[in-house]
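Everything on this sheet refers to the single structure shown next.
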Amino acid sequence: MGPSIGRRALLLAMASTPAFARAAVTAGPDPAPASLSAAARRSVRYFGAAVRPELLEQDSSLRQLVVRDCDHLTPEIHLKWDALEPAKGQYAYGPADSLLAFAQAHGLRVRGHTLLWDRSTPEWAKRELLERRRWRLVAEHFARTMGRYGDRIGEWDVVNEPVDTEGGDAGLRLNTFHRAFGRGYVRDALIQAREIAPGARLLINDYGFEYANPVDRARREAFLRLLEELKASGAPLDGVGLQAHLDLGKGPLDARGLSAFFARLADLGLDVTVTEMDVKEDDYASSLGVRDGRVADEARRYLEIALSQPAVRGVVTWGLSDRHSWLSEGDGAGNPAPPGAAPPPLNRGLPYDDRYAPKPMYWAIRDALIGSSRAGFAYRAPRAGRVA
Ligand code: XIL
């Protein structure tokens, strides 16, 4: 037997090898994650933000934050039908192509937002759909969009905002598609998308479920009814997107109603993604400290409820910095400002302020992601690339 080396000497020798050094680091106190996506990975989730490619091109600070904090991106505008085909047969793929190239260069995934949304359907298509009622127009739009991007996008918001409990037909919005094809259009859209991209994850995305008021309660019920109907009919639906445009003017979150809502979505076998989170302020006069505290508290309260449900697989904010938020543009609700109207105040409802400093909302999101366990869930990346 050769000379035996002592245990201490052996440990010291091993400690000098890189593998051991790595093991020692991970076995020690867990260092704080350095970004929102790193925090999300702790609970087998992802973090992303909505982006506009022209801002990424112009602004290197924004670019750095996006690459640092996100592992998913959502095109805020440029994958919508009116952006891709503003006039019939005239295609404008440039901005979406550039966003996809940016994502690919940095190893980020892209969410396909969105194939069918009344508000982003070009006027020419609305007219044609209502006059001729030919599904072919929708099918061709899907085939072109998913055909071009389906090798890199594995998750699509196939139908956006189908629910309307105030002026709709039994909970479904009376939009162009409902008027042209009846309430079966949601199912037909899912079937169409599945035919084109058999491996993609297909979602329905909607808003207005969070607060303790009769409209939000009715919207939750109507959404669940629609999903139950779709599931019962065998429609190819993998999950839902909950926009989560939080609003401090709407009173307290309905914690109990929301938890039950998340549980029922999970019971239907659906994955859930928080797709468009931001916080609309209702008091712009208080100090920045007070305002930022309120925004962060709202985000924390919502995420603590959402992330206690293991079916929730990712969180996306609608922008990353207050410098570029739809809530501070136009009429503050995604429409052009009425002529002569003053611009809306700068809303502070995103993780970074307008000079790219992280705000309390950033830490609230980070802490909620770290604090939520999703043990037993493996992150299943959608199978992009299988486009028929
Ligand atoms: C908004 C964009 O942020 C705006 O820039 C655009 O003018 C209108 O659309 N729900 C959605 C998003 O699903 O696509 C919307 O995005 C915000 C509300």
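Residues of the stretch 133-141 include at least one that is closer than 23 Å to residue 226 by Cβ, of a type outside the set (Ser, Thr, Tyr) and outside any helix (DSSP H, G or I). One residue stands out in the stretch 307-349 among those that are of a type in the set (A, V, I, L, M) and part of a loop (DSSP other than H, G, I, E, B): the one that is nearest to the ligand (Cβ to nearest atom), namely 333. Only one entry in 292, 322 is within 17 Å of residue 69 (Cα to Cα) and charged (D, E, K, R), namely 322.
Table: residues versus (1) in contact (Cβ under 8 Å) with a residue 40 or more places away in the chain; (2) within 16 Å of the ligand (Cβ to nearest atom).
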{"position": "240", "(1), (2)": "no, yes"}
{"position": "244", "(1), (2)": "yes, yes"}
{"position": "254", "(1), (2)": "yes, no"}
{"position": "259", "(1), (2)": "yes, no"}
{"position": "264", "(1), (2)": "yes, no"}
{"position": "271", "(1), (2)": "yes, no"}
{"position": "280", "(1), (2)": "yes, yes"}
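Within the stretch 161-180, the set of residues being assigned to a strand (DSSP E or B) and under 15 Å from residue 230 (Cβ atoms) comprises 163, 172. I'm told residue 280 meets every condition in (1) in contact with a His (Cβ under 8 Å, 6 or more places away or on another chain); (2) over 30 Å from residue 353 (Cβ atoms) except one. Can you identify the failing condition by its number? Only one criterion is unmet by residue 280, namely (2). Each residue in the stretch 120-159 was checked for being within 16 Å of the ligand (Cβ to nearest atom) and touching a residue at least 60 places away in the same chain (Cβ under 8 Å), and 4 pass.
Screening residue 285 against (1) of a type in the set (Gly, Ala, Ser); (2) within 16 Å of the ligand (Cβ to nearest atom); (3) free of Cβ contacts under 8 Å to residues at least 60 places away in the same chain leaves a single unmet condition, (2). The residue pairs whose first member lies in the stretch 327-344 and is closer than 16 Å to residue 249 by Cα and touching a residue at least 24 places away in the same chain (Cβ under 8 Å), whose second member is more than 8 Å from the ligand (Cβ to nearest atom) and not in a loop (DSSP other than H, G, I, E, B), and whose beta carbons are closer than 6 Å, counting only pairs six or more residues apart or on different chains, are 327/280.
Annotation: residue 92 fulfils all but one of (1) touching a residue at least 24 places away in the same chain (Cβ under 8 Å); (2) more than 23 Å from residue 306 (Cα to Cα); (3) touching a helix residue (DSSP H, G or I) at 6+ places or on another chain (Cβ under 7 Å); the unmet one is (1).
Within the stretch 268-294, being in contact with a Pro (Cβ under 7 Å, 6 or more places away or on another chain) and either closer than 19 Å to residue 367 by Cα or of a type in the set (Asp, Glu) (or both) holds for 292, 293. Looking at residue 334, is it within 17 Å of the chain's Cα centre (by Cα) and at pLDDT 95 or above? No: the conditions fail for residue 334.
Would you call residue 302 more than 16 Å from the ligand (Cβ to nearest atom), in a loop (DSSP other than H, G, I, E, B), among the hydroxyl-bearing types (Ser, Thr, Tyr) and touching a residue at least 60 places away in the same chain (Cβ under 8 Å)? Reasoning before the result, please.
Details: more than 16 Å from the ligand (Cβ to nearest atom): yes; in a loop (DSSP other than H, G, I, E, B): no; among the hydroxyl-bearing types (Ser, Thr, Tyr): yes; touching a residue at least 60 places away in the same chain (Cβ under 8 Å): yes.
Spelling it out, it is not the case that residue 302 is more than 16 Å from the ligand (Cβ to nearest atom), in a loop (DSSP other than H, G, I, E, B), among the hydroxyl-bearing types (Ser, Thr, Tyr) and touching a residue at least 60 places away in the same chain (Cβ under 8 Å).
With respect to the conditions (1) surrounded by fewer than 20 Cβ atoms within 10 Å (Cβ to Cβ); (2) away from the ligand (no atom under 14 Å from the Cβ); (3) of a type in the set (Lys, Arg), residue 109 falls short on a single one, namely (1).
The values are calculated or read from the model by the stated rules, or taken from the named source; none is laboratory data. Since we're looking at a predicted model, the values are computed, not measured. Cβ atoms come from the backbone with ideal geometry, glycine included; neighbour counts cover every protein chain shown.
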